[in-house]
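The next block holds one structure in the form of structure tokens; read it before the comments.
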Amino acid sequence: MPRGVPGVRSLAGGSRRDTAGGLEVVATPGHTAGHVAFLLADRGVLLAGDALWNIGRPSAGPRHLCADLDARRATLARLAGLDVATVGVAHGPPISDRVPARLAAVAARA
């Protein structure tokens, strides 16, 4: 088994951190096997990273940059079910209008 970087711990989906008033780690495999997002539920904010893009319109990003399309589909369906008002993405501006409908549309296109 490869050795990790000293002092660095992996983040597991479902774990919580005492950062920014309470941060939940959300497992979001698809782009990569270990990809995670961060949910600030009390603020209605999801930091989705590479799980979602917003260039032109919200999307899951290019398929050729996805390690596992089935995992990505499941991730997008799970993200569409979250109660959030703002989604920060790795590529493009935050998604902050019609968020539930837009996430549902991304999941439907996946």
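The values are calculated or read from the model by the stated rules, or taken from the named source; none is laboratory data. Keep in mind that this is a model prediction, so the values were computed, not measured. We place every Cβ from the backbone using ideal geometry, glycine too, and count neighbours over all the protein chains shown.
Every residue in the stretch 51-74 that is under 13 Å from residue 90 (Cβ atoms) and among the hydrophobic types (A, V, I, L, M, F, W, C), please. Residues satisfying the conditions are 51, 52, 53, 55, 60, 65. Among the criteria (1) surrounded by fewer than 18 Cβ atoms within 10 Å (Cβ to Cβ); (2) modelled with pLDDT under 95; (3) not basic (Lys, Arg), the one residue 81 does not fulfil is (2). Suppose the filter is part of a helix (DSSP H, G or I) and loosely packed, with under 15 Cβ neighbours inside 10 Å; does residue 70 pass it? Taking the combined requirement at face value, the residue satisfies it. Within the stretch 20-34, being assigned to a loop (DSSP other than H, G, I, E, B) and hydrophobic (A, V, I, L, M, F, W, C) holds for 20, 33. When you check residue 100 against the structure, is it part of a loop (DSSP other than H, G, I, E, B) and either without any contact (Cβ under 8 Å) to a residue 24 or more places away in the chain or at negative phi (or both), yes or no? So residue 100 does not fit the description; no. For the stretch 10-54, taking the residues that are among the charged types (D, E, K, R) and at pLDDT below 90, the one that is surrounded by the fewest Cβ atoms within 10 Å (Cβ to Cβ) is identified as 18. Inspection of the stretch 89-103 finds a residue satisfying the criterion of being more than 16 Å from residue 36 (Cα to Cα), at pLDDT 95 or above and under 12 Å from the mean Cα position of the chain (by Cα).
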